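Report on the following structure.
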Amino acid sequence: MQIASYFKEKNNNTVQCLLCPHLCDIEDGSRGVCSVRINRKGRLLSANYGRISAINYDPIEKKPLFHFYPGRHILSVGSFGCNLKCNFCQNWQISQKAPTKNAVYQSPYQIIEQAKSIPNNLGIAYTYNEPTVFYELMLHTSKAAHQEGLKNVMISNCYINKEPLQEILPFMDAFNIDLKAFNKNFYRKQTGARLSPVLQSLKLIGSSSKHLEISFLIIPGLNDNMHDFEAMLQFINDFCGPKSVLHLSRYFPNYQQTAVSTPEHTINRFYEKAKHVLNFVYQGNMPSTYQSNTYCPKCGSLLIQRDLGSVQSPGLSQAHSCKSCAYSLHKSNGNA
């Protein structure tokens, strides 16, 4: 096992994990909320270091990232564990358990060599389960990958403390953050976490030069309150800007949650509301492909067309601007 980052020793071989806002006090022989950080005689260890649950070559749009090198592919890597306990988790088979004994081991060097061996590969995405809880593997890999000219992408719930996020931020190129709701009671009851640290992390990423897209899974009866959604849109606009990319995803029952599937008309209603505030809003898990295309908010030209896995950029210049009116998709701080 790898010695964990961000912990402090306490009395009687107890340690406190400082990686995420849970700040778990972990007794000798016990694990944190994430199930993958374990105390062995007063030392905190990462039990999932290099333990790979999945490694695939995915379209970047699958992350989802729609404005970050559209049409490209990226090597996607996941491990085990999560620091949230969402009863609607879509990847609960790997996120809600510790590594299995027969889990494949890959070192940062091996991951990078595999990424480099794939022609036209963009880089490495840390995804599938929550990458915060395999922080050490992600940090070591992203540092080395950065030096090799590979892009690094973090797909996260953003439940991470400021110091570890600041440490890894220079090596990340893009984020997709899963914002579960804009209601502190939802976070407490449905995820076992708090909303405020997520918002602080989003502010930090949003104020940086890094590319950011946000995903929101709409669950009927749980987080589909329009008043809360309007507050979410205002937050995104205020701290990340009107050019922020928001993905609205349709929920289907999974894991322990028995809520009905999100009606298509609900997604459409939230989509229309969001389009009044943000320039770029997309629908996920929906049959129509129209809302997956990117249109220029200034002149209406089709910039990026996405259809059944095919991605074309007929209206987008190499400078990431509209060919018709020169509207730029870059953030105001110059980020692509």
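The values are calculated or read from the model by the stated rules, or taken from the named source; none is laboratory data. Note that the coordinates shown come from a computational prediction; the quantities given were computed from them, not determined experimentally. Cβ coordinates were reconstructed from backbone atoms using ideal geometry, including for glycine residues, and neighbour counts include every protein chain displayed. We work out accessible area using only protein heavy atoms, side chains counted, and drop any ligands, DNA or RNA first. Shrake-Rupley method; radii C 1.70, N 1.55, O 1.52, S 1.80 Å.
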Of everything in region 245-285, what is open to solvent by 10 Å² or more (accessible area, probe 1.4 Å), closer than 19 Å to residue 61 by Cα and free of Cβ contacts under 8 Å to residues at least 60 places away in the same chain? Give them in sequence order. 249, 250, 271, 279, 283, 285
Looking at region 63-79, is at least one residue among the hydrophobic types (A, V, I, L, M, F, W, C), modelled with pLDDT of 95 or more and more than 15 Å from residue 124 (Cβ to Cβ)? yes
Do we have residue 96 as open to solvent by 50 Å² or more (accessible area, probe 1.4 Å) and more than 30 Å from residue 328 (Cα to Cα) here? no
Qualifying positions in region 146-166 - within 25 Å of residue 18 (Cβ to Cβ) and without any contact (Cβ under 8 Å) to a residue 60 or more places away in the chain: 146, 152, 154, 156, 158, 162, 165, 166
Pairing a residue in region 80-96 that is in a loop (DSSP other than H, G, I, E, B) with any residue that is open to solvent by 20 Å² or more (accessible area, probe 1.4 Å) and of a type in the set (A, V, I, L, M), where Cβ atoms lie under 7 Å and the two sit 6 or more apart in sequence or on different chains, gives 80/94; 80/98; 81/98; 83/33
If only one of 63, 162, 116 is within 18 Å of residue 179 (Cα to Cα) and surrounded by fewer than 17 Cβ atoms within 10 Å (Cβ to Cβ), which one is it? 162
I need the full set of residues from region 318-336 which are within 24 Å of residue 58 (Cα to Cα), modelled with pLDDT of 85 or more and open to solvent by less than 60 Å² (accessible area, probe 1.4 Å), in order please. 320, 329
Checked region 2-25 for anything open to solvent by 50 Å² or more (accessible area, probe 1.4 Å), over 22 Å from the mean Cα position of the chain (by Cα) and on the phi < 0 side of the Ramachandran plot; matches are 2, 3, 7, 8, 9, 10, 11, 25
Test for residue 128: is it modelled with pLDDT of 95 or more, open to solvent by 10 Å² or more (accessible area, probe 1.4 Å), among the hydroxyl-bearing types (Ser, Thr, Tyr) and assigned to a loop (DSSP other than H, G, I, E, B): yes
Name the single residue, out of those in region 223-241 being hydrophobic (A, V, I, L, M, F, W, C), touching a strand residue (DSSP E or B) at 6+ places or on another chain (Cβ under 9 Å) and at pLDDT 95 or above, that is surrounded by the most Cβ atoms within 10 Å (Cβ to Cβ). 236
Of the residues in region 131-147, those that are closer than 24 Å to residue 67 by Cβ and open to solvent by 10 Å² or more (accessible area, probe 1.4 Å) come to 146
Result of the Cβ filter at 9 Å on region 39-62, keeping first residues that are in contact (Cβ under 8 Å) with a residue 40 or more places away in the chain and in a strand (DSSP E or B) and partners that are among the small types (Gly, Ala, Ser) and surrounded by fewer than 20 Cβ atoms within 10 Å (Cβ to Cβ), at least 6 apart or interchain, is 44/5; 46/5; 51/98; 51/103; 52/103; 59/71; 59/309
Just need a number here: residues in region 193-221 that are farther than 25 Å from residue 62 by Cα, surrounded by 15 or more Cβ atoms within 10 Å (Cβ to Cβ) and touching a residue at least 40 places away in the same chain (Cβ under 8 Å). 2
Verdict on residue 91 being open to solvent by less than 20 Å² (accessible area, probe 1.4 Å), touching a Gly at 6+ places or on another chain (Cβ under 9 Å) and not β-branched (Val, Ile, Thr): no
